[in-house]
Amino acid sequence: MNTNILYFVCHDLGRALGCYGAGIPTPHLDAFAAQGIRFTNAHCASPACSPSRACAMSGQYAHQTGALGLSHMGWPLHLQHRTTVDDFNAAGYQTFLSGINHERHPRTDRYEVDLTRQWDDWKLPRAVDNALAALRGRDPARPFYLNIGTQEPHACIWKDVGGRIPPMPPDWPGWTPPGMPRTPALEAAFRRFAAAVVLVDQEFGRLLRGLEELGLAANTLVVFTTDHGMSGPRGKGSLYGLGTEIALLMRPPGEAHAGATRSFPVSNISFRATFAEAAGIATVDTPAGRSIWKAAMGEGGPPDDALFLERNFHGEKPWRTEDDYIDCFDPIRAVRTATHLYIRNFRPEAKPPEPLPGVALVTDQSWENWETSWALPAPPRTRPAEELYLLAEDPLELHNLAADPAHAATLAAHRSRLDAWMTATGDFLPEPPPVRPEEPGWGPHCPPDPP
């Protein structure tokens, strides 16, 4: 019997779980990690929502597919590119989507059963409800691939904390990521973030209980992950560790690997090939990302010793109005090895366009706009063309060694390695970016009720 696949991907989590050392109570996910495999060095290939999900689903880098920015900003993964969905459709699986599909427009991703009909279907409780209902009504003669995508804990839903999302209890001591100051603004922001993470934990636990009750857990590979790092300074949208790090938990059928950890480098570009190998099926084309399944099972070394990362567009708006779509181009490439992070900023000036009259300017286009309310010092308006960090001695990546003569050989080696990857994968840089293929919007099957 073929293995079922349940792939759960949430928004903007990073590694903010108790099992990764974060001070947020996540008992269900911590228990799930103890039942399976926890990856401690997993990263996304492109740290924005749609590009990251496109990389994971297609197994190709963002510059290879043209999924360079947010799908609703005009950069959806084109339908000519094959994905995990096509692999499992071709293998006879029943394929389901519950929740958000953010690599393409709603209901365009070739799932056999697409459960998104309303904007509220993107919210986690509804997504879990719909997924469990679909599993109850599935064809029992066929294996399934189920993708559950959620909005939580994206900052756009923090407004619901205190309403549909219970706030953190008053006696919770609070938590901010390592290296961030405990300012009142940051603490308040992360209280809202933590409340949304707790909801993710509770709903994921409910999903697992439903899987057990349906008798499906014993033959299902369950994967929990997120699209990229958490929002915050040097987080989401950047190629620093806080921006690219992802939680990755896998529970294969059986108990042979319960409580295992894997520290080798993993990119989410490997997910497509990995899921296919785990299920014993073929991909319908050849993805760039290679399977980590055997290494995850402890049967050999990982396929890669370095991760390649890229940023292009993220849809940041230097000002906020209801109908503006200012898509800032901030091209960055990086290579992350076991010892170092090397970053190349192709536009070091990072200067946003002039603001509309009377509207405040966001000071750094690599931050989310709402973060200006956190009252942190404004970042520099320019950046170095190259950055090099020694990870063992500088885990927060604060001390740039690129100009240090003592590290010139290491800099040259990483620079050469990045150049070779860019050439091999057909990167368009340093040329101008491709023209946005579509006008901004949510596509032809946009859910009818507004958010």
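Key figures
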item	result
Thr83 being surrounded by 15 or more Cβ atoms within 10 Å (Cβ to Cβ), of a type in the set (S, T, N, Q) and under 27 Å from Ser50 (Cβ atoms)	yes
Residue match in the range 256-263 (condition: closer than 30 Å to Arg344 by Cβ and either among the charged types (D, E, K, R) or assigned by TED's automatic domain parsing to the domain that holds Leu390 (or both))	yes
Residue check for Gly23: in contact with a helix residue (DSSP H, G or I) (Cβ under 8 Å, 6 or more places away or on another chain), small (Gly, Ala, Ser), closer than 21 Å to Met180 by Cβ and not in a strand (DSSP E or B)	no
Those residues of the range 99-122 which are closer than 20 Å to Val198 by Cα and crowded, with 19+ Cβ neighbours inside 10 Å, in sequence order	Gly99, Ile100, Asp121, Trp122
Residues being closer than 18 Å to Val9 by Cα and crowded, with 18+ Cβ neighbours inside 10 Å - total across the range 203-216	6
Test result for Pro430, in a loop (DSSP other than H, G, I, E, B) and within 16 Å of Asn345 (Cβ to Cβ)	yes
Residue in the range 162-172 that is surrounded by fewer than 23 Cβ atoms within 10 Å (Cβ to Cβ), assigned to a helix (DSSP H, G or I) and among the aromatic types (Phe, Trp, Tyr) present	no
Selected residue (only one of Ala48, Ala54, Ala42 is of a type in the set (Gly, Ala, Ser), within 24 Å of Trp421 (Cα to Cα), assigned by TED's automatic domain parsing to the domain that holds Pro76 and modelled with pLDDT under 95)	Ala48
Only one of Ala288, Ala258 that is assigned to a loop (DSSP other than H, G, I, E, B), over 24 Å from Asn89 (Cα atoms) and in contact (Cβ under 8 Å) with a residue 40 or more places away in the chain	Ala258
Residue count for the range 105-142, restricted to those that are small (Gly, Ala, Ser) and in a helix (DSSP H, G or I)	4
Whichever residue in the range 123-144 is over 23 Å from the mean Cα position of the chain (by Cα) and of a type in the set (A, V, I, L, M) and, among such residues, is surrounded by the fewest Cβ atoms within 10 Å (Cβ to Cβ)	Ala141
Residue count, the range 294-323 (criterion: at pLDDT 90 or above, part of a loop (DSSP other than H, G, I, E, B) and within 22 Å of Leu239 (Cα to Cα))	1
Near pairs, Cβ below 7 angstrom, 6+ apart or cross-chain, from the range 414-431 (within 12 Å of His63 (Cα to Cα)) to any residue that is of a type in the set (Gly, Ala, Ser)	Thr425/Ala288
Subset of the range 8-38 (residues that are over 15 Å from Arg206 (Cα atoms) and not hydrophobic (A, V, I, L, M, F, W, C))	His11, Asp12, Gly14, Arg15, Gly18, Tyr20, Gly21, Gly23, Pro25, Gln35, Gly36, Arg38
Count of the range 59-74 residues which are of a type outside the set (A, V, I, L, M, F, W, C), in a helix (DSSP H, G or I) and within 15 Å of the chain's Cα centre (by Cα)	1
Pick from the range 173-196, criterion in a helix (DSSP H, G or I) and either surrounded by fewer than 19 Cβ atoms within 10 Å (Cβ to Cβ) or among the basic types (Lys, Arg) (or both), ranking: nearest to the chain's Cα centre (by Cα)	Arg192
Any chance Arg251 is in contact (Cβ under 8 Å) with a residue 12 or more places away in the chain, in the same structural domain as Cys44 (by TED's automatic domain parsing) and more than 19 Å from Leu146 (Cα to Cα)	no
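Each row is one residue, and each column tells you yes or no for (1) over 24 Å from the mean Cα position of the chain (by Cα); (2) over 16 Å from Gly241 (Cβ atoms); (3) at pLDDT below 95.
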residue: Cys328; (1), (2), (3): no, yes, yes
residue: Phe346; (1), (2), (3): no, yes, yes
residue: Val362; (1), (2), (3): no, yes, yes
residue: Ala403; (1), (2), (3): yes, yes, no
residue: His414; (1), (2), (3): yes, no, no
residue: Leu418; (1), (2), (3): no, yes, no
residue: Met422; (1), (2), (3): no, yes, no
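The values are calculated or read from the model by the stated rules, or taken from the named source; none is laboratory data. Just so you know, these numbers come straight off a predicted model, no measurement behind them. Note: ideal-geometry Cβ built from the backbone for every residue, glycine included; neighbour counts use all protein chains shown.
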